[in-house]
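Read the structure below first, then the notes.
The values are calculated or read from the model by the stated rules, or taken from the named source; none is laboratory data. Computed from a predicted model, the values in this text were never measured in an experiment. Note: ideal-geometry Cβ built from the backbone for every residue, glycine included; neighbour counts use all protein chains shown.
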Amino acid sequence: MEFFRIKNDIPFMRHALVFNVISLLTFVLAVLFLATRGLNLSVEFTGGTLVEVHYSEAPQLEPIRQALSDDGYPDAQVQNFGSARDVLIRLPNRDGLESSRVSEKVMTTLSAVDGGSPELRRVEFVGPQVGKELAADGAMALLLVVVGIMVYLALRFEWRFSVAAIIANLHDVIIILGFFAFFQWEFSLAVLAAVLAVLGYSVNESVVVFDRVRETFKKKRGMDTPEVLNHAITRTISRTVITHGSTQMMVLSMLLFGGETLYYFSLALTIGILFGIYSSVLVASPLVMWLGVSREQFIKPKQEKQEAVV
Amino acid sequence: MNRYPLWKNLMIGIVLVVGLLYTLPNFYGEVPAVQVSSGKATLKLDASSTTARIEQALAAAGIRQTGIFADQNSVRARFDTTELQLQAKDVIEHTFNPDPEDPDYVVALNLLSASPSWLTSINALPMYLGLDLRGGVHFLLQVDMPGAITKRLDSTAADLRTLLRDQGVRHSGIEREGRSIAVRFRDADLRDSARRAIERFTADLKLADRDGPDAMPELVATLTQQAEKTIQDFALKQNITTLHNRINELGVAEPVIQQQGADRIVVQLPGVQDVAKAKDILGRTATLEVRMVDETPGALEAALNGQVPFGSELYTERGGRELLVKKQVVLTGDRLTDAQPGFDGQTQEPAVHLTLDAAGSRIFRDVTRENVGKRMAILLIEKGKGEVITAPVIRTEIGGGRVQISGQMTTQEATDVALLLRAGSLAAPMEIIEERTVGPSLGAENIEKGFDSTLWGFAAIAAFMIAYYLLFGLVSVIALASNLLLLVALLSMLQATLTLPGIAAIALTLGMAIDANVLINERIREELRNGSSPQAAITAGYERAFDTILDSNITTLIAGIALLVFGSGPVRGFAVVHCLGIMTSMFSAILVSRMLVNLIYGRKRKLEKLSIGQVWKPSN
């Protein structure tokens, strides 16, 4: 089997502007959604209490809402989680509420509602200070990844590559966040982990292409810069598709079999992988070109020996 | 040319065998067990005698065990069935805690790895599952450090009052203002002599002059940074000790109580479902009481015969001797500011040094003056029940609030007693700032889901790789499988906590690790396409791909490390596995797969064709 039978290099760079305009539009849309709708942050970031209960028969949600409201939680969100028999209750932190006891009171309230006895599946309580810290730590982690990768790429390649790779891949991150904002999917710590993992992963993609670019510059003297880039992308495209296909198979498997907990995690990865291919190949490479990469940067000038003056 | 030297093959082989050994325990599953650990802070578990007692008790009851294991804090017996486990628990409970009202030991149901003992003896244990996989409660407690410091400042203010009075320095009022103490004086001379007195007394205070209202000279004392840090460390350690003692009561098999950051404590109780009770126990306070021993002649004998004199109570000392203690409380634990193990200044015997606050010292001085030659008992009162920690004889009057207990103690005993004295109360109040409870059914479900996702993902990748790259695909799949093996082995060896995000990381790492093999295989195909001979193509393919693999793994690793550094909870579980997986994938994708390819093709001199799938050549 061989999927890719490419005779000549595909002229990707001829359409460089188109790719970048598409990408810019998506990016702007993502930012727009983030700004207008915002992220649906999970209880880990906002602080609050989350109680997941399981019933042997599907319960009516309305009486549960009513009972919670009567017992002093009018701001409780009650919804099904995964199946009709699983119910998720979210309560924000409030002043004057002994928050560490909320979960027990909720269970007492639920037991009193008609319609079967609930089985406690999961409780998460996050105090207000912890939520803020987690958000701050998340931002720090993102910053560290960006700086780390930039420094590494700058050392290993050239600053043009590192700038291009980071712009291309940060725009992936924004697009993933944009999806989460548009659909109001829950943004949890696990999703954050997925986003950062994707960042590291799709930089790979740029690295593979850049490696080829460097090699081609050194080997093939007759090509101009767009040709070198076209050549490098064409030569690596089968690897790109197969690798991402394999990773996506694994992620798909998580999406299908991983249950609710891994659902958004794998969803973030899926979006990240799809846009990762696009951006790290078709956005990063034109950026490198526009930043003015050329053969001279790869051929080491002969070092002139300085005469020692005695 | 495509051959590894023998040592390299051997090394890879050894790594894989070791990996297999340490992965093995995960396949055996778990068997029911009963765990015995000390239920009282005053009781040290002796492994060998406890093991013998359990063996005897079970033999007498005719219950067959399949192995007894002892570690530092507990002894565990394994059984074939849950039924036997429950019977055994009853028998052991009966033997070790003859008085169910006052249990000395915690007898808990637990699960132990069913792996054979030779595996256990080389420390090959199954992966340590996190709470989201096994079910249980997780708490994050915030220690109120400002509270601890305020408490200390209050007692320091009282100390200063006593000090200045003893030194004959007249002051016009001592008050705590937030995080400092202000002392007012009528004139500057008094202030100077007070300053000298305080500086001689303690190095913990930073003193500054200030003119207060009415132009009264004032001395402002604040705790030095060093002192504040000591107080905080002490408060944290003391709270952890106290929590340990309390959680023992819950009968949890493997509680985790750890410091996190400067002022937080993580408590994890696997298998606990009764969250309300757990919270009660975490929040309860124990107290320390100092009382006099009733040494009326004949009173002890009478008490032993069942006639306890009025106003006294019968207790058992740590050594097992009976002791009659008066009910009247001389001093409570609030007055104790510190207890440390150390040595007697003259005899060099192990000793425990207590520090009392000003009010405590005054009471203590009076009591000791009146009772020289008698014994006093220090009791730890928890759940309304008391225990004698120590009952020393008063040798002389003790003033100044610095008390030393010594005589017939080993260093270990001194350390234990100091710990117990401190355990009397929480040094600073604590608040639950994070809670996670996972029911046991959800835990089991999470394991299943994580396992299924990995399995099906792996199967899909394997099927594709073999169809696309034929023999080289099979080699890549074997390399990927060895990556999984090494990752599981490493996680088992390190006993890193495996959580559901951790399982997701295993799956994701496998999905990403195949990249290296795809890179290599594509390179080999390309070399073939360009007309290289098969052997040369293999060599060139591996060599050229190496740089790219290294670069891409390092960038992924950077992301992994950032997650590890800044991640908490679920993110950290993900990051640990992710980082380890990147390391093992480098090894397996490059070395293991190359070894296999070398073994298959390396010796063939006239190699015409590689089984790497169709190689399409553009016809010019």
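A few comments on the model shown:
- Each residue in the range B:561-603 was checked for being under 22 Å from B:ALA545 (Cβ atoms) and outside any helix (DSSP H, G or I), and 1 of them qualify.
- Scan the range B:32-54 for residues that are in contact with a strand residue (DSSP E or B) (Cβ under 8 Å, 6 or more places away or on another chain) and either exposed (fewer than 14 other Cβ atoms within 10 Å of the Cβ) or among the hydroxyl-bearing types (Ser, Thr, Tyr) (or both) and the total you get is 7.
- Search result, residues across the range B:169-189 that are surrounded by 13 or more Cβ atoms within 10 Å (Cβ to Cβ) and touching a residue at least 24 places away in the same chain (Cβ under 8 Å): B:VAL169, B:SER172, B:ARG176, B:SER180, B:ILE181, B:ALA182, B:VAL183, B:ARG184, B:PHE185
- Within the range B:209-229, being more than 39 Å from the chain's Cα centre (by Cα) and loosely packed, with under 12 Cβ neighbours inside 10 Å holds for B:ASP211, B:PRO213, B:ASP214, B:ALA215.
- Qualifying positions in the range B:259-289 - of a type in the set (Asp, Glu), modelled with pLDDT of 75 or more and more than 13 Å from B:GLU431 (Cα to Cα): B:GLU289
- Listed by position, the strands (runs of 3 or more DSSP E) contained in the range B:368-422 that have at least 2 residues being modelled with pLDDT under 80 are B:376-382, B:385-390.
- Long-range neighbours under 7 Å by Cβ, at least six apart or interchain, first residue under 13 Å from B:ILE12 (Cβ atoms) within the range B:569-596, second at pLDDT 95 or above and basic (Lys, Arg): none
- Members of the range A:180-208 that are of a type in the set (A, V, I, L, M), more than 8 Å from every other protein chain (Cβ to nearest Cβ) and farther than 19 Å from A:GLN248 by Cβ: A:ALA181
- Residues of the range B:510-521 include at least one that is under 30 Å from A:SER206 (Cβ atoms), of a type in the set (D, E, K, R) and crowded, with 24+ Cβ neighbours inside 10 Å.
- Those helices (runs of 4 or more DSSP H) lying entirely in the range A:1-110 with at least 3 residues outside the structural domain of A:PRO286 (by TED's automatic domain parsing) and more than 28 Å from A:LEU255 (Cα to Cα): A:61-70
- If you go through the range B:455-469 and keep only what is more than 8 Å from chain A (Cβ to nearest Cβ), surrounded by 17 or more Cβ atoms within 10 Å (Cβ to Cβ) and of a type in the set (A, V, I, L, M, F, W, C), you end up with B:ALA462, B:ILE466.
- Within the range A:1-41, considering residues that are farther than 14 Å from A:PHE179 by Cβ and touching a Gly at 6+ places or on another chain (Cβ under 9 Å), the one modelled with the lowest pLDDT: A:MET1
- Matching residues in the range A:139-154 - criterion: being buried (at least 18 other Cβ atoms within 10 Å of the Cβ), more than 7 Å from chain B (Cβ to nearest Cβ) and either without any contact (Cβ under 8 Å) to a residue 40 or more places away in the chain or more than 23 Å from A:GLN297 (Cα to Cα) (or both): A:LEU142, A:VAL146, A:MET150
- Pairs are defined by a Cβ separation below 8 Å, a sequence spacing of at least 6 or placement on different chains, a first member in the range B:128-147 that is surrounded by 23 or more Cβ atoms within 10 Å (Cβ to Cβ), and a second member that is modelled with pLDDT of 85 or more and assigned to a loop (DSSP other than H, G, I, E, B); the pairs so defined are B:GLY130/B:THR499; B:ASP132/B:THR499; B:LEU133/B:THR499; B:VAL143/B:ASP263.
- Residue within the range A:220-235 that is within 27 Å of the chain's Cα centre (by Cα), modelled with pLDDT under 90 and either outside the structural domain of A:LEU24 (by TED's automatic domain parsing) or part of a loop (DSSP other than H, G, I, E, B) (or both) present: no
- Filtered by the rule that a residue be at pLDDT below 85 and charged (D, E, K, R), the range A:134-157 gives a lone residue, A:ARG156.
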